[in-house]
Amino acid sequence: MRAAFEQDQMSRRPSDAFREAALEAWAHHVGTGLHVTRAEADAWLAELEAGNDVEPPRAHR
């Protein structure tokens with residue numbers, strides 16, 4: 001029973017960490033207004049997928 005509980009707790013940690021990171025990112029966005037558009041992010045990811053080592057887009061208002 002204890003092993004099942006520990007396994008359940010271990011499986012929750014990554015999602016908890018992801019949630020915390022998302023909340024921190026949202027708080028930063030609300031506080032600064034900085035963002036990257038979906039089109040900018042998609043273009044950057046397409047370049048990475050093509051094998052190009054490019055810098056991520058700069059956040060702006």
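Summary table below
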quantity: Folded to 0 to 90 degrees: helix 38-49 orientation relative to the chain principal axis, Cα; calculated: 80
quantity: Net dipole in debye of the chain [+1 Lys, Arg Cβ; -1 Asp, Glu Cβ; about Cα centre; nearest 20]; calculated: 320
quantity: Mean Cα-pair separation over length for the chain, i.e. relative contact order, pairs under 8 Å, 6 or more apart, %; calculated: 29
quantity: Cα long-axis angle, helix 2-32 against the chain (0 to 90 degrees, to the nearest 10); calculated: 30
quantity: Rounded percent of accessible protein surface that carbon and sulfur make up, the chain, 1.4 Å probe; calculated: 58
quantity: Within the chain, helix-based [θ] at 222 nm, where runs of 4 or more DSSP H residues each add -39,500 (n - 2.57), nearest 500; calculated: -24500 deg cm²/dmol
quantity: Fully extended contour minus Cα-Cα distance, from ASP16 to HIS29, at 0.36 nm per residue; calculated: 2.7 nm
quantity: Cα lying deepest toward the dipole's positive end in the chain, options PRO14, HIS60, ALA3, charges on Cβ; calculated: ALA3
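The values are calculated or read from the model by the stated rules, or taken from the named source; none is laboratory data. Source: prediction; values computed, not measured. Counting neighbours? That spans all protein chains shown, and the Cβs are built from the backbone with ideal geometry, glycine included. Surface accessibility is based on the protein's heavy atoms, side chains included, excluding ligands, DNA and RNA. Shrake-Rupley method; radii C 1.70, N 1.55, O 1.52, S 1.80 Å.
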